[in-house]
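The structure appears below as C-alpha cells.
The values are calculated or read from the model by the stated rules, or taken from the named source; none is laboratory data. Owing to the predicted nature of the structure, the values given are computational and were not obtained by experimental measurement. Cβ sites come from the backbone with ideal geometry, for glycine too, and all protein chains shown count toward neighbours.
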Amino acid sequence: MRPPETTRPAHTPPSAQCTAQSVAPPVASGRRRWLVGGVAALAVAGGAGFGGWMRRSGSPEAALSPAEAQLWAQSFDTPSGDTLALSRFRGRPLLVNFWATWCPPCIEELPMLDRFFQEESARGWQVLGLAIDQPSAVRAFLQKRPLGFPNALAGFGGTELGKSLGNATGALPFTVVLGAAGTVLQRKMGKVSSDDLAQWRQLR
C-alpha cells in the first residue's frame with residue numbers, strides 16, 4: 001500500500017508559505033515544450049482521474065495517472081540555457097521542489113534540500129528544483145548561492161503544473177516525491193522539515 005501523504009495545508013503556518021498573488025507573474029521560459037493552456041485543460045478534464053489517483057492504493061508499479069504522465073512529459077530550460085527533460089529522471093526516486101527567489105520559506109529550505117541531495121544521491125535519490133520566477137532572477141540567485149542539484153526555469157506554467165499535482169492554491173514552496181516507478185508517493189505544502197526528509201529517505 002502506498003505510504004500516507006504528508007501534505008498538511010491546514011496545519012502549515014502561513015509564514016512557511018508564499019502566494020504567487022503577492023508578485024507579478026514571472027515570464028515563462030521560451031523553449032519550454034508545453035503550453036500552460038494544455039496543462040490547465042488537463043487539470044480540468046482530468047479532475048475525476050486525479051481524485052482517483054489520490055485515493056488509489058496498490059503496487060507502486062500501477063499505471064501513471066494523467067497528472068503523473070503529464071509531469072514526466074515536460075521539458076524546461078535550465079539557467080545555463082540547456083533543455084532539461086524530466087524523462088531523464090525516470091527510474092530512480094525523485095524529489096521535485098517548486099520554489100521562487102521571492103519566497104523566503106523557499107530560500108530557507110534550499111540548503112536543507114541540497115544537503116539531502118548530497119547525502120542521498122549515492123543511494124539513488126535525485127532532487128530537481130522548478131523555479132516559478134523570472135529567469136534573470138533565478139540566474140542571479142544561483143550565481144550567488146549555487147546548488148548541487150539541477151534546477152529548471154518553470155516560469156508561470158510551473159504554477160499550473162503544481163496545481164495539476166494537487167497544489168490547489170498555487171502557494172510556494174511545494175514539494176512532490178516520486179518513486180522509481182514514476183508515481184507520486186508524498187507531497188508537502190510549505191517548508192520542508194528534517195522530519196519530512198527523514199521519512200522520505202525510506203521511500204523508493
- request: Look at the stretch 151-204 and say how many of its residues are hydrophobic (A, V, I, L, M, F, W, C) and in contact with a Lys or Arg (Cβ under 6 Å, 6 or more places away or on another chain).
  value: 2
statement: Subset of the stretch 60-69, residues assigned to a loop (DSSP other than H, G, I, E, B) and in contact (Cβ under 8 Å) with a residue 12 or more places away in the chain, comes to Pro60, Glu61, Ala62, Leu64, Ser65
The stretch 176-197, residues that are within 16 Å of Phe116 (Cβ to Cβ) and touching a Phe, Trp or Tyr at 6+ places or on another chain (Cβ under 7 Å): Val177, Gln186, Leu197
- prompt: From Gln143, Gln134, Gln126, which residue is touching a residue at least 12 places away in the same chain (Cβ under 8 Å), farther than 19 Å from Leu178 by Cα and among the polar types (S, T, N, Q)?
  reply: Gln134
Options Leu153, Leu165, Leu113: the member that is aliphatic (A, V, I, L, M), touching a strand residue (DSSP E or B) at 6+ places or on another chain (Cβ under 8 Å) and over 18 Å from Ser87 (Cα atoms): Leu113
- request: Please work out which residue is surrounded by the most Cβ atoms within 10 Å (Cβ to Cβ), limiting yourself to the stretch 142-161 and to residues that are modelled with pLDDT of 95 or more and out of contact with any helix residue (DSSP H, G or I) (no Cβ under 8 Å at 6 or more places or on another chain).
  value: Ala152
- prompt: Taking the stated definitions as given, is Thr159 among the hydroxyl-bearing types (Ser, Thr, Tyr), touching a residue at least 60 places away in the same chain (Cβ under 8 Å) and within 19 Å of Thr78 (Cα to Cα)?
  reply: yes
- prompt: Taking the stretch 130-141, which residues are assigned to a loop (DSSP other than H, G, I, E, B) and either closer than 20 Å to Gln202 by Cβ or in contact with a helix residue (DSSP H, G or I) (Cβ under 9 Å, 6 or more places away or on another chain) (or both)?
  reply: Ile132, Asp133
message: If I filter the stretch 188-200 for residues that are more than 14 Å from Thr19 (Cβ to Cβ), surrounded by fewer than 17 Cβ atoms within 10 Å (Cβ to Cβ) and touching a residue at least 60 places away in the same chain (Cβ under 8 Å), do I get at least one hit?
response: yes
task: Would you please name the residue that is nearest to Leu172 (Cα to Cα), looking only at residues in the stretch 70-129 that are assigned to a strand (DSSP E or B) and of a type in the set (Val, Ile, Thr)?
output: Val96
